[in-house]
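Trainee: Sharing a structure with you now.
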Amino acid sequence: MSRIAPRLAPWALIAVILLVWQVACALTHVPVYLLPAPSDIGAALAAGWPGLLHSALNTLVISLEAWMAAMLIATPLAMLTALSPLVERALAPIAATLQVTPVVAIAPLFVIWAGLDHPERAITVLAAIVAFFPIFSGAVTGLASADKDLERLFDLYGATRLQRLLRLRLPSALPFWLEGAKVAVGLSIVGAVVAEFVAGSGGSQGLAWRILESSHQLRTADMFAALVVLAILGAGLNAAMRQLEARLLKSWRGR
């Protein structure tokens, strides 16, 4: 029982919240367009699942493309900073700027540059920008976290910067890099949704577009249904990354 309880606790809490929500809506007779009951949201999910599934796949593809692009750009740049302090000083202000710049502020520019007929391109780039910093920051922190005694040992044997990077710093950076990648995969979904809101186009047909379409028609239950699918998508990606992280770290630790 002690092992089962922690697994059941989240589901029990969700069930209680849904029950209270359902009863409160029934007792207060709140309009469906203002706050739908869980049963109304379930009905919207059942009725609109083909379109929601299609939109979820579109959002998933864009998010994964953005995440992969961020990985392919951020990881080599972090390695360059480990090889050259000059590169680190040059990249640090740019990386910090990307972190603090709201994607909403620059989204209209990317929509124009990508072309109004191809909003998915702008959405992918913007989601990649959002996902970039956690990966870059995690990798840089990890590369700088190598054991100091091992650093001195490498100095003693006259190791080059490249040898030090490949044989010492990269293995030390793996846990930090994986943590940054795990955070980034969730942020790529956030970036994709926010960018699609700003693009205001159905060209990408993602979940954000479903939410916008439903809000314009006051179909609040459909909005909640899209939010539920979006939450499931984010939770699924996070769980997949946790499993991947656990497997890689288990191999890295040799047990």
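The values are calculated or read from the model by the stated rules, or taken from the named source; none is laboratory data. Keep in mind the model is a prediction, meaning the values are calculated, not measured. Ideal geometry is used to build each Cβ from the backbone, glycine not excepted, and the neighbour counts take in all protein chains shown. Just the protein is used for accessible areas: all its heavy atoms, side chains included, with ligands, DNA and RNA removed. Shrake-Rupley method; radii C 1.70, N 1.55, O 1.52, S 1.80 Å.
Trainee: Please list 3J(HN,Hα) in residue order for segment 222-230, calculated via the Karplus relation 6.51 cos²θ - 1.76 cosθ + 1.60 where θ = phi - 60°; whole Hz, with x for glycine and proline.
Mentor: Using θ = phi - 60°, the values come out as 5, 4, 5, 4, 5, 5, 4, 5, 5 Hz.
Trainee: Follow-up question, since we're still on this one. Restricting things to alpha carbons, find the Rg to Rh ratio for the chain using the Kirkwood radius for Rh.
Mentor: Numbers: Rg = 22.6 Å, Rh = 20.9 Å.
Result: Rg/Rh = 1.08.
Trainee: With every protein chain left in place, what is the accessible area of Thr97 in Å² (1.4 Å probe, nearest 10)?
Mentor: Rounded to the nearest 10, the figure is 80 Å².
Trainee: Hey, got the Cα dimensions of segment 139-255 along the principal axes, in Å, largest first?
Mentor: 70, 31, 18
Trainee: Right, another one. Using the alpha carbons of segment 66-212, what is the convex hull volume per residue in cubic angstrom, as a whole number? Numbers along the way, then the final one.
Mentor: On the way: hull volume 14.5 nm³, N = 147.
Dividing the Cα hull volume of segment 66-212 by its residues yields 99 Å³.
Trainee: Can I ask one more? Can you give me the C-alpha center-to-center distance between segment 98-144 and segment 210-224, rounded to a whole angstrom?
Mentor: Comparing the Cα centres of segment 98-144 and segment 210-224, I get a distance of 27 Å.
Trainee: I've got another one for you. Solvent-accessible area of Leu45, probe 1.4 Å, all protein chains present, reported in Å² to the nearest ten, please.
Mentor: 50 Å²
Trainee: Count neighbours as other Cβ atoms within 10 Å of each site's Cβ, and list the trypsin sites (Lys or Arg not before Pro) in segment 1-90 that are DSSP loop with at most 15 such neighbours. Don't skip to the answer; put the middle values down first.
Mentor: Working: sites: Arg3, Arg7, Arg89; in loops: Arg3.
Sites meeting the loop and neighbour criteria: Arg3.
Trainee: Glu179: accessible area at probe 1.4 Å, nearest 10 Å²?
Mentor: Per-residue accessible area (Glu179): approximately 80 Å².
Trainee: Next question, about the same structure. Mind listing the phi-derived Karplus ³J(HN,Hα) values for segment 177-194, rounded to whole Hz, using 6.51, -1.76 and 1.60 with θ = phi - 60°, and x for any glycine or proline?
Mentor: Karplus values, whole Hz, x for Gly and Pro: 5, 5, 5, x, 5, 5, 5, 5, 5, x, 5, 5, 5, 4, x, 5, 5, 4.
Trainee: Please tell me the relative contact order of the chain in percent, rounded to the nearest whole number, where contacts are Cα pairs under 8 Å and at least six residues apart. List each step's numbers first, then the result.
Mentor: Numbers: 297 pairs, mean separation 67.9, N = 255.
Answer for the chain is 27 percent.
Trainee: Starting from the residue with the highest accessible area, list Trp21, Trp49 in decreasing order, probe 1.4 Å.
Mentor: Values: Trp21 65, Trp49 150 Å².
Reading off the accessible areas and sorting them downward yields Trp49, Trp21.
Trainee: Averaged per residue, what accessible surface does segment 1-81 expose to a 1.4 Å probe, in Å²? Don't skip to the answer; put the middle values down first.
Mentor: Working: 5280 Å² over 81 residues.
I get 65 Å² per residue for this part.
Trainee: Oh, and also: Of all accessible surface on the chain at a 1.4 Å probe, what whole percent is carbon and sulfur? It would help to have the intermediate numbers written out before the result.
Mentor: On the way: 10340 of 14690 Å².
Carbon and sulfur: 70 percent of the exposed surface of the chain.
Trainee: For a quick check, take a GNM of the chain with Cα springs below 10 Å and name the residue from Ala56, Ala225, Ala37 with the largest mean-square fluctuation.
Mentor: Among Ala56, Ala225, Ala37, the largest mean-square fluctuation in the Gaussian network model of the chain belongs to Ala37.
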